[in-house]
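S.K.: Before anything else, here's the structure in question.
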Amino acid sequence: MTSAFQTSYSPLPHFPRTCQRPPVRRPSVLFSSSRTCQSPARFMSIRVNAAASTTSDGRALLDGIAEFYDESSGLWEDMWGDHMHHGFYDPDSNVSGSDHRSAQIRMIEESLRLAGISDDPAKRPKTIVDVGCGIGGSSRYLARKYGATCRGITLSPVQAGRANVLAEAEGLADRVSFQVADALKQPFPDGQFDLVWSMESGEHMPDKAKFVNELMRVAAPGGKIIIVTWCHRDLLPSEESLQLWEKKLLNRICNAYYLPEWCSTADYVKLLESLSLQDIKAADWSQHVAPFWPAVIRSALTWKGFTSLLRSGLKAIKGALVMPVMIEGYQKGVIKFAVITCQKPE
Amino acid sequence: MRLLTHNMLSSNIKGVTNGFPLRIEVEKVVEKQVEINHDFLMNIFPKIDWKAFFDASRVMGYVELPEEAPEPSVLESDLEFLRKFHHALLELHLEEGALVCPETGRKFPVNKGIPNMLLHEDEV
């Protein structure tokens, strides 16, 4: 991977390591006009960005993600518990505070259901990998549910440490362990896991093709892959890319949450198809997550939430300030909450 | 990091054909008791690469394991072996040290029991 790639293609956006200067509105570099969703050129540019991801820009992204979660993970856990993902709600339901945790559990269960994961002791997963595991909420839940072992990987040493402590406290330390590692270069031999789980981590991956490749590599033959992630809307056949206002909206979110370029659900499906994965299913659950961000904002505005946020640091604050943009993105149909599942051939 | 975890980790540096198993360098080993779960041990036993496990246990200072993996039925009949298997697999923790790529010699640090498997830019 040489720096020659960097000069030929748009580099990944630079994520500043510190937030000492106020956020600057810079022209979007995430969505250059040469990238399309429909043509092979886009996947080419995604693969080329893999080279870019090994340069200092890529390193800055990994460091930014790690630092963001190092800083804000404790705050999230205090307010919301150990599941760092959206809840699944019935559309137009009235939700009160206590419903959110069960909604987060329901998100896990609905994802397993879409993928057709069996509860039958003979058929259920015995080895699980949680890619982008946070503080291990999903890992512990799945390990307990299926009596399986689970390995979690995260970029954040703080999260890995906390996840291990929680596993110990819950008596799961023999079966669940957490490591600091890169999802684009998972530290596991091929074909290890009956279930490959990625719950709201895909949006951090700078190279979707590499990400999906690794998910497939570590899946056992016949194993299932579940990806729950934030996507942008599928493009119309006539469109080369998102509209400029849509790109600007997503750019604001990317800067705060250390996200590289977004892709669409259709992009993921194409990637899975290109790897000959089977039984591919995709769903748009945007209507099922609508109550989530307003609830998070409300929790941030409580006295406890607000003071904890101030104590957590600038990255966490920046993340909080961008929450209304997430709501706007969903309301305007730019952001989609996507679930994609598939199976590796036997 | 337990040896159960070590048995599943490999070096994924570019160009490495066989990154498993990682060699262990010990700085600090801690023993933490865990309740024995017979069913779990029976289930996990066939998935363990025994040679890697045996070698690792010796590096961690535990010399009680047999060099050859016994038949799975031994787990049912030999409580002593079960106890040793359980101890080496789950109760020995590498708190500080490193995991070393068998081909390149590159060290992945283990701090506070957590292996850091992130690669440098030139290793990807």
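S.K.: Choose one answer from B:68, B:103, B:27: the residue with the largest mean-square fluctuation in a GNM of chain B with alpha-carbon springs under 10 Å.
M.R.: Fluctuation is largest for B:68.
S.K.: Given points 7 Å out from each Cα along the Cα-Cβ axis, report the residue A:109 to residue A:59 separation in nanometres with one decimal.
M.R.: With each label point 7 Å from Cα toward Cβ, the separation is 4.7 nm.
S.K.: What percentage of all Cα-Cα pairs in segment B:3-115 are separated by more than 26 Å? List each step's numbers first, then the result.
M.R.: On the way: 1227 of 6328 pairs.
Roughly 19 percent, rounded to a whole number.
S.K.: In segment B:31-111, which trypsin sites (Lys or Arg not before Pro) fall in coil by DSSP and have 14 or fewer other Cβ atoms within 10 Å?
M.R.: Values: sites: B:32, B:47, B:51, B:58, B:83, B:84, B:106, B:107; in loops: B:32, B:106.
Hits after loop and neighbour filter: B:32.
S.K.: Any idea of residue A:79's accessible area? Nearest 10 Å², probe 1.4 Å.
M.R.: We get 60 Å² for residue A:79.
S.K.: Residue by residue through B:1-12, how many Cβ atoms from other chains fall within 10 Å of the Cβ on average?
M.R.: Numbers: counts 4, 3, 0, 6, 6, 1, 0, 11, 8, 6, 2, 10.
The per-residue average across the peptide is 5.
S.K.: Beyond 23 Å, how much of the Cα-Cα pair distribution for segment A:203-281 remains, as a whole percent?
M.R.: 27 percent
S.K.: Right, another one. In nm, to one decimal, how far is the residue B:49 label point from the residue B:120 one, both placed 7 Å along Cα→Cβ?
M.R.: Inter-label distance under the simple model: 2.4 nm.
S.K.: Let me understand segment A:79-344 better: what is its radius of gyration from the alpha carbons, and its Dmax, in angstrom?
M.R.: Cα radius of gyration and Dmax of segment A:79-344 are 18.0, 54 Å respectively.
S.K.: Additional query: Taking the Cα atoms of segment A:66-203, what is the range of coordinates along each of the three principal axes, in descending order and whole Å?
M.R.: 45, 39, 30
S.K.: Label points 7 Å out from Cα along the Cβ direction at residue A:321 and residue A:307: separation in nm?
M.R.: The answer from the label model is 2.3 nm.
S.K.: Right, another one. Using a 1.4 Å probe and ignoring any ligands, DNA or RNA, find the accessible area of residue A:146 and quote it in Å² to the nearest 10.
M.R.: Here the residue's solvent-accessible area equals roughly 10 Å².
S.K.: Accessible surface of residue A:106 in the full protein assembly, 1.4 angstrom probe, to the nearest 10 Å²?
M.R.: Near enough 80 Å² of accessible area.
S.K.: Mind giving me the FRET efficiency for residue B:95 and residue A:314? R0 is 25 Å, r the Cβ-Cβ distance, nearest 0.05 is fine. Intermediate results must be reported in sequence, preceding the final value.
M.R.: Numbers: r = 32 Å, r/R0 = 1.30.
Between residue B:95 and residue A:314 the formula returns 0.15.
S.K.: Across the residues of B:118-124, average count of Cβ atoms on other protein chains within 10 Å?
M.R.: Mean partner shielding for this stretch: 6.
S.K.: Kindly sort A:262, A:303 by accessible area of their heavy atoms, largest first, with the probe set to 1.4 Å. Let's see the in-between values first.
M.R.: On the way: A:262 5, A:303 195 Å².
Order by accessible area, largest first: A:303, A:262.
S.K.: Give the share of C-alpha pairs in each 20 angstrom bin for the protein assembly as shown, from 0 to the last occupied bin, in whole percents, shortest bins first.
M.R.: 24, 57, 18, 1
S.K.: Just tell me how shielded A:145-158 is by partners: mean number of partner chain Cβ atoms within 10 Å of each residue's Cβ, no decimals. Could you put the intermediate results ahead of the total?
M.R.: Numbers: counts 0, 0, 4, 2, 7, 0, 4, 0, 2, 1, 2, 0, 5, 0.
Mean number of neighbouring Cβ atoms from other chains: 2.
The values are calculated or read from the model by the stated rules, or taken from the named source; none is laboratory data. Nothing here was measured: the structure is a model prediction, and the numbers come from that model. For neighbour counting, all protein chains shown are included, and Cβ atoms are generated from backbone atoms with ideal geometry for every residue, glycine included. All accessible areas refer to the heavy atoms of the entire protein, side chains included, with ligands and DNA or RNA removed. Shrake-Rupley method; radii C 1.70, N 1.55, O 1.52, S 1.80 Å.
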